[in-house]
Amino acid sequence: MKKNTTVLALILAILGLCCSALCLVLLLTHNGNADAPAGEAGKSTQYVMYVGTNDKDTYRPEHSREEARDIVDAVCLKYFEGYTLQDATGAWTDETGEITHEYTLVCYFDGADKATVYKAADEVIRALNQNTVLIEEDEISMEYYGGQS
């Protein structure tokens, strides 16, 4: 009888481990969003592009804030279905050690692909005569929440 009990306990322990492993796999494949409808929540790549507006040759703004914003906005509309554009102030130290503050535009692109972000960045760099723009790539969890009914 003791041998049967030991075998039964072993079988139950193995079944328990298998169930635990299955639950873990299901949790990981659903990104922890088991209650969320498919396509509405989950992991996504977000790109953030920081665009300074001082000219690379003069270190001064050659466009008004409104003009620079309109240029960046037009490029974003051309390449992305949706984005967020924010005003910021950035600062950097040039090769002579001088600190420069500049009006900066911060563009957020959720679910975009890197190649498209680079195309938009190339166009912004040319339009605003920049050396570079800063592009940040982050994996985020996001959902479009519509409230409770």
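Quick one: is GLU137 assigned to a strand (DSSP E or B), in contact with a Phe, Trp or Tyr (Cβ under 6 Å, 6 or more places away or on another chain) and of a type outside the set (A, V, I, L, M)? Yes; evaluated as a whole, the condition is true for this residue. If you take the residues in region 97-134 that are assigned to a loop (DSSP other than H, G, I, E, B) and more than 15 Å from the chain's Cα centre (by Cα), which one is surrounded by the most Cβ atoms within 10 Å (Cβ to Cβ)? That would be VAL133. Scanning region 90-106 for residues that are in contact with an Asp or Glu (Cβ under 9 Å, 6 or more places away or on another chain) and either aliphatic (A, V, I, L, M) or modelled with pLDDT under 95 (or both) yields GLY90, ALA91, TRP92, THR100, LEU105, VAL106. Condition test on GLU98, is it over 26 Å from LYS43 (Cβ atoms) and free of Cβ contacts under 8 Å to residues at least 40 places away in the same chain? Yes; evaluated as a whole, the condition is true for this residue. Checked against (1) surrounded by 11 or more Cβ atoms within 10 Å (Cβ to Cβ); (2) more than 20 Å from the chain's Cα centre (by Cα); (3) not in a strand (DSSP E or B), GLU66 passes all but condition (1).
The values are calculated or read from the model by the stated rules, or taken from the named source; none is laboratory data. The structure displayed is predicted, hence computed values, not measured ones. Because the Cβ atoms are built from the backbone with ideal geometry, glycine has one as well, and the counts that use them run over all protein chains shown.
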